[in-house]
Amino acid sequence: MPVGLVPIRANALGGVVIKREYYSLKDSVGIFGLSEGDLIHFGARSRIPIYILLANWRVRCFIRMGKEHYESSDSSIYKKLLPRCLLKYEAGDLNVEPSIEPDELLLTVNGLENVDDREKAFYDLDKSTGIWSRSVGDKVFSLDRPGYHYPHYEELADYQRRGGNVDDIYPSPVLLSECVMVVMSADMDKFLKNPHDVQKNNIEISSRDKFRRDIDKWLYETWISQGKPGSSSYLQMLKKYRRQPDSPIIDVWTEVKGSGFSWETKNSSGSMALRTLNNKVTSFKILTR
């Protein structure tokens, strides 16, 4: 194709459309032959990611590290929704608020030579790039109505001390029903190639984890076979899988401040801290609701 031309394709009704970066769910009938309800259902079941456009709202974001939150900035035009809010919306809860998936914040290093030995266990190697990285927190988001005053914590606390109801001075929350939901063109292409694939291993993992889906799939299936335990109990159970046939688990350690495990598969290897395993288990629970 000559440089500068935009690829086009036939739609479900036989016409031709310019391929966009994303499509609104309302456009899905004419373009893909899928209704808005179809895509909300598939999004709720983690079969295809659904996003919301942010142009109508004031987006506040916070860097979360442990119990501390620091307000930050973000210039994104769309954000990915967590399937659980889509599930509530599909079930008829028109007052559900959009739950935006956090962005994982990473610390990367060229090598581990200058990293403290106690910290090395928390770094994972991306074999495709050779980059070592670890999670150091995440970025969480909230949607505010532009032009409205949002009271700070001190204002709310003072109002409550004087006998007031904070709902009287706090703007009503943004609802999912007020947002424009979209699906990415690339995600739609993958979905249409195999629409009956449930994609059980699509467990809301970050882009950093895209080369580690084999370990996520193993953890998910083993978690189910072990009775869906909590993350701490699950880590203890993983000890019996150390260096066993058909098991990727190499070692498990359960120190109070450094719990985690190391693993190796055909495609990748690394270590996972207990806090990361906790995030995985939370995603597993969403999938099996």
**Request:** Say whether the condition of being modelled with pLDDT of 80 or more, in contact with a Gly (Cβ under 7 Å, 6 or more places away or on another chain) and not in a helix (DSSP H, G or I) is met by at least one residue in the range 219-229.
**Result:** no
**Request:** Could you tell me which of the residues G111, G92, G66 is farther than 23 Å from S259 by Cα and either over 21 Å from the mean Cα position of the chain (by Cα) or not charged (D, E, K, R) (or both)?
**Result:** G92
**Message:** Need the failing condition index for A121 against (1) outside any loop (DSSP other than H, G, I, E, B); (2) closer than 30 Å to H41 by Cβ; (3) in contact with a strand residue (DSSP E or B) (Cβ under 9 Å, 6 or more places away or on another chain); (4) not acidic (D, E), just the number.
**Reply:** (2)
**Message:** Among the listed residues S128, S135, identify the single one that is closer than 19 Å to D216 by Cα and part of a strand (DSSP E or B).
**Reply:** S135
**Request:** Could you look through the range 127-143, keep only residues that are among the hydroxyl-bearing types (S, T, Y) and surrounded by fewer than 16 Cβ atoms within 10 Å (Cβ to Cβ), and pick out the one that is modelled with the highest pLDDT?
**Result:** T129
**Request:** Pull up the range 102-126, narrow it to residues that are open to solvent by 50 Å² or more (accessible area, probe 1.4 Å) and in contact with a Ser or Thr (Cβ under 7 Å, 6 or more places away or on another chain), then point me to the one that is nearest to E178 (Cα to Cα).
**Result:** E104
**Prompt:** Within the range 55-72, can you find the residues that are open to solvent by 40 Å² or more (accessible area, probe 1.4 Å), assigned to a loop (DSSP other than H, G, I, E, B) and at pLDDT 85 or above?
**Reply:** A55, N56
**Prompt:** For the range 81-138, what are the residues that are aromatic (F, W, Y) and over 26 Å from W253 (Cβ atoms)?
**Reply:** Y89
**Request:** Kindly indicate whether any position in the range 114-122 is in contact (Cβ under 8 Å) with a residue 24 or more places away in the chain and among the acidic types (D, E).
**Result:** no
**Prompt:** Among the residues of the range 29-54, how many are in contact (Cβ under 8 Å) with a residue 40 or more places away in the chain and either in a loop (DSSP other than H, G, I, E, B) or among the small types (G, A, S) (or both)?
**Reply:** 10
**Message:** If I ask for residues that are hydrophobic (A, V, I, L, M, F, W, C) and open to solvent by 60 Å² or more (accessible area, probe 1.4 Å), which ones from the range 25-46 would you list?
**Reply:** V29
**Prompt:** Has the range 153-170 got any residue that is modelled with pLDDT of 85 or more, closer than 26 Å to K67 by Cα and not in a helix (DSSP H, G or I)?
**Reply:** yes
**Asked** Can you tell me which residues in the range 241-272 are open to solvent by 10 Å² or more (accessible area, probe 1.4 Å), outside any loop (DSSP other than H, G, I, E, B) and under 17 Å from E221 (Cβ atoms)?
**Response** Y241
**Asked** Among the residues of the range 144-172, which ones are within 30 Å of R275 (Cα to Cα) and surrounded by 14 or more Cβ atoms within 10 Å (Cβ to Cβ)?
**Response** D144
**Fill in**
Scanning the range 191-216 for residues that are surrounded by 15 or more Cβ atoms within 10 Å (Cβ to Cβ) and modelled with pLDDT of 80 or more gives F191, I215, D216
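The values are calculated or read from the model by the stated rules, or taken from the named source; none is laboratory data. Here the structure is a predicted model, which means the values were calculated and not measured. No Cβ is skipped: glycine too gets one built from the backbone with ideal geometry, and neighbour counts run over all protein chains shown. Side chains are part of the model used for accessible areas, which takes the heavy atoms of the whole protein and leaves out ligands, DNA and RNA. Shrake-Rupley method; radii C 1.70, N 1.55, O 1.52, S 1.80 Å.
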